[in-house]
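Heads up: the structure comes next, in structure tokens.
The values are calculated or read from the model by the stated rules, or taken from the named source; none is laboratory data. These figures come from a predicted structure and were not determined experimentally. Here the Cβ is made from the backbone with ideal geometry for all residues, glycine too, and neighbour counts use every protein chain on show.
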Amino acid sequence: MKVIIPHKVLTRGIVILRPYRLSDAESVYAAIRESLPELTPWLPFAHAEYSMKETREWLKRRSGDWDTGMAYDFAILDTGNGNFLGGCGLNRIDYENRRANLGYWVRTGRAGQGVATTATLMLAGFGFRELSLNRVEILVAMGNRRSQRVADKVGAKREGVLRNRLVVRGKVHDGVMFSLIPQDMPEG
């Protein structure tokens, strides 16, 4: 059974998660442009000609996906100054089996500061509490060591390698499957 959740704001430590807004366009665009060298190998939306128009079109779809329960995408913001740090979301939600995919990215200038780890734990907790999920999957391309480290840091279990699982700009990648279940979550 599909679950529709009102827009929520979550806060923990250095991170605020809130639904994207159209007014985020300039901040999102700047963060993606700053981070293209790190994002391009792994994320299909990141490419050399990435434009403000693409940012605006993507942001326009976020509220609709949220309001229909198709995906729950959050902007990651700095609690101290409100600056945009990256994005995360639950998508490919399988309500029948109560599982979803969790994805994340952090702008280059804030990588390595615990932002992705904190956001991932917050988002997984949201999925377990609000969507009654039994399982959150984190699928990472074999060569994406940074994202694999985040999955390890949050306590996700590495379940194996899925051969030829991801395609980014025509290049086929094996994917490392990680998972979290409610019992894996730290208290608090």
>> So the check is Cβ under 7 Å with 6+ separation or different chains; which pairs have a first residue in the range 58-77 that's more than 13 Å from GLY89 (Cα to Cα) and a second one that's of a type in the set (S, T, N, Q)?
In response: LEU77/ASN83
> Since GLN113 meets every condition but one in (1) of a type outside the set (Phe, Trp, Tyr); (2) more than 24 Å from GLN183 (Cα to Cα); (3) touching a helix residue (DSSP H, G or I) at 6+ places or on another chain (Cβ under 9 Å); (4) not in a helix (DSSP H, G or I), which condition does it not meet?
Replying inline: (3)
> Applying the selection to the range 1-27, what residues are of a type outside the set (Gly, Ala, Ser), outside any loop (DSSP other than H, G, I, E, B) and within 19 Å of GLY80 (Cβ to Cβ)?
Replying inline: LEU10, THR11, ARG12, VAL15, ILE16, LEU17, ARG18, ASP24
>> Return the residues of the range 69-99 that are within 24 Å of SER23 (Cα to Cα) and among the hydrophobic types (A, V, I, L, M, F, W, C); say none if nothing qualifies.
In response: MET70, ALA71, PHE74, ALA75, ILE76, LEU77, PHE84, LEU85, CYS88, LEU90
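Could you list all residues from the range 158-173 that are assigned to a strand (DSSP E or B) and loosely packed, with under 14 Cβ neighbours inside 10 Å? First the steps, then the outcome.
Restricting attention to the range 158-173, the residues satisfying the condition of being assigned to a strand (DSSP E or B) are 158-168, 171-173.
Across the range 158-173, the qualifying residues are GLU159, GLY160, VAL161, ARG163, ASN164, VAL167, LYS171, VAL172.
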> Counting just the residues of the range 28-53 that are among the β-branched types (Val, Ile, Thr) and assigned to a helix (DSSP H, G or I), which one comes out farthest from ILE76 (Cα to Cα)?
Replying inline: ILE32
> So which pairs qualify, if the first residue must be in the range 106-129 and under 14 Å from CYS88 (Cβ atoms) and modelled with pLDDT of 95 or more, the second must be part of a helix (DSSP H, G or I) and charged (D, E, K, R), the Cβ gap must be under 6 Å, and the two must be at least 6 apart or on different chains?
Replying inline: ARG107/GLU34; THR117/LYS153
>> If GLY89 meets every condition in (1) in contact with a Gly (Cβ under 7 Å, 6 or more places away or on another chain); (2) in a helix (DSSP H, G or I) apart from one, which number is that one?
In response: (2)
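Being touching a Leu at 6+ places or on another chain (Cβ under 7 Å) and either closer than 30 Å to SER23 by Cβ or in a loop (DSSP other than H, G, I, E, B) (or both) narrows it down to one of LEU121, LEU133, LEU102, so name that one. Quick ask: steps written out before the conclusion?
Working: LEU121 fails: touching a Leu at 6+ places or on another chain (Cβ under 7 Å); LEU133 fails: touching a Leu at 6+ places or on another chain (Cβ under 7 Å).
Residue meeting the stated conditions: LEU102.
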> So which residues in the range 63-86 are assigned to a loop (DSSP other than H, G, I, E, B) and more than 22 Å from ARG129 (Cα to Cα), if there are any at all?
Replying inline: THR79, GLY80, ASN81, GLY82, ASN83
> Listed residues THR120, THR68; which is hydroxyl-bearing (Ser, Thr, Tyr), over 16 Å from LEU39 (Cα atoms) and buried (at least 19 other Cβ atoms within 10 Å of the Cβ)?
Replying inline: THR120
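Condition first: within 20 Å of PRO6 (Cβ to Cβ), out of contact with any His (no Cβ under 8 Å at 6 or more places or on another chain), among the hydroxyl-bearing types (Ser, Thr, Tyr) and surrounded by fewer than 20 Cβ atoms within 10 Å (Cβ to Cβ). Can you find one or more residues in the range 108-116 that meet it? Outline the logic, then answer.
To start, the set of residues in the range 108-116 that are within 20 Å of PRO6 (Cβ to Cβ) comprises none.
No, that holds for no residue.
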